[in-house]
1. Cβ contacts < 6 Å: first residue more than 21 Å from residue 56 (Cβ to Cβ), restricted to region 1-29; second residue surrounded by 13 or more Cβ atoms within 10 Å (Cβ to Cβ) and of a type in the set (D, E, K, R), any location; separation 6+ or different chain. Result?
2. Quick check on region 100-132: of everything there that is among the polar types (S, T, N, Q) and assigned to a loop (DSSP other than H, G, I, E, B), which residue is most open to solvent (accessible area, probe 1.4 Å)?
3. Test residue 46 against the stated conditions and say whether it is among the charged types (D, E, K, R), touching a residue at least 40 places away in the same chain (Cβ under 8 Å), in a loop (DSSP other than H, G, I, E, B) and open to solvent by 40 Å² or more (accessible area, probe 1.4 Å).
4. Here is a list of conditions, (1) assigned to a loop (DSSP other than H, G, I, E, B); (2) within 15 Å of residue 16 (Cβ to Cβ), and residue 96 meets all of them except one; can you say which number that is?
5. Going through 70, 51, 97, 89 one at a time, which residue ends up being modelled with pLDDT under 95 and either surrounded by fewer than 20 Cβ atoms within 10 Å (Cβ to Cβ) or among the charged types (D, E, K, R) (or both)?
6. List every residue pair whose Cβ atoms sit under 7 Å apart, with the two residues 6 or more apart in sequence or on different chains, where the first one lies in region 82-108 and is under 30 Å from residue 36 (Cα atoms) and among the β-branched types (Val, Ile, Thr) and the second, anywhere, is in a loop (DSSP other than H, G, I, E, B) and open to solvent by 50 Å² or more (accessible area, probe 1.4 Å).
7. Taking residue 34, is it touching a residue at least 24 places away in the same chain (Cβ under 8 Å), exposed (fewer than 15 other Cβ atoms within 10 Å of the Cβ) and outside any strand (DSSP E or B)?
8. Go through region 73-84 and count every residue that is touching a strand residue (DSSP E or B) at 6+ places or on another chain (Cβ under 7 Å) and open to solvent by 60 Å² or more (accessible area, probe 1.4 Å).
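The values are calculated or read from the model by the stated rules, or taken from the named source; none is laboratory data. Here the structure is a predicted model, which is why all the values come from computation and not from measurement. Positions of Cβ are generated from backbone atoms using ideal geometry, with glycine treated the same way; all protein chains shown enter the neighbour counts. Keep in mind that these areas ignore ligands, DNA and RNA; they rest on the heavy atoms of the full protein, side chains included. Shrake-Rupley method; radii C 1.70, N 1.55, O 1.52, S 1.80 Å.
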Amino acid sequence: MLETRGLEGEDLSVQLLEVQDPADFLFTAAGYRLDDGERAVVVHTEVTNRGTVPFASLPDNHLELLTDEGTPVAKAPVSLTSRQPHGIGVGPGETSGGHTVYVLGADTRVTSVRWSPRPEPDDRSVTWAIPD
């Protein structure tokens, strides 16, 4: 669990629970189709609001995968019926978890997951390394 702050000064703990790579079977079971050369990845995270200021954003709004070339991969605009997506907001003292879906090249090597409270990473961003 890594600690950080939101844009409004929220005291947050963000935890990476699971990276399912590949998750093609979950993606196709939800009725989506992958093109040749693509794979799906599902990331499960939790955000805990340890402060008194509500976190009003979607907790995975700026959750990205980072490739071995340092390229960020944004989440796909889909959710899975078998895995709960994040809901908007985390109230003071609450923990909210959810799953985020990514579609990327079958040969793309993912090296880390990065959470940020805004589109551009800054000193509030937290990153987890993904072992080979």
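1. Partner pairs satisfying both residue conditions: 22/39; 24/39.
2. Taking region 100-132 and keeping what is among the polar types (S, T, N, Q), we get 100, 108, 111-112, 116, 125, 127.
Then drop every residue that is not assigned to a loop (DSSP other than H, G, I, E, B), which leaves 108, 116, 125.
Numbers: 108: 44, 116: 5, 125: 28 Å².
Across region 100-132, the extreme among qualifying residues is 108.
3. On the way: among the charged types (D, E, K, R): yes; touching a residue at least 40 places away in the same chain (Cβ under 8 Å): yes; in a loop (DSSP other than H, G, I, E, B): no; open to solvent by 40 Å² or more (accessible area, probe 1.4 Å): yes.
Spelling it out, it is not the case that residue 46 is among the charged types (D, E, K, R), touching a residue at least 40 places away in the same chain (Cβ under 8 Å), in a loop (DSSP other than H, G, I, E, B) and open to solvent by 40 Å² or more (accessible area, probe 1.4 Å).
4. (1)
5. Working: 51 fails: modelled with pLDDT under 95; 97 fails: modelled with pLDDT under 95; 89 fails: modelled with pLDDT under 95.
From the options 70, 51, 97, 89, the qualifying one is 70.
6. Pairs found: 100/75; 101/75; 101/79.
7. Details: touching a residue at least 24 places away in the same chain (Cβ under 8 Å): yes; exposed (fewer than 15 other Cβ atoms within 10 Å of the Cβ): yes; outside any strand (DSSP E or B): yes.
The answer is yes for residue 34.
8. 4
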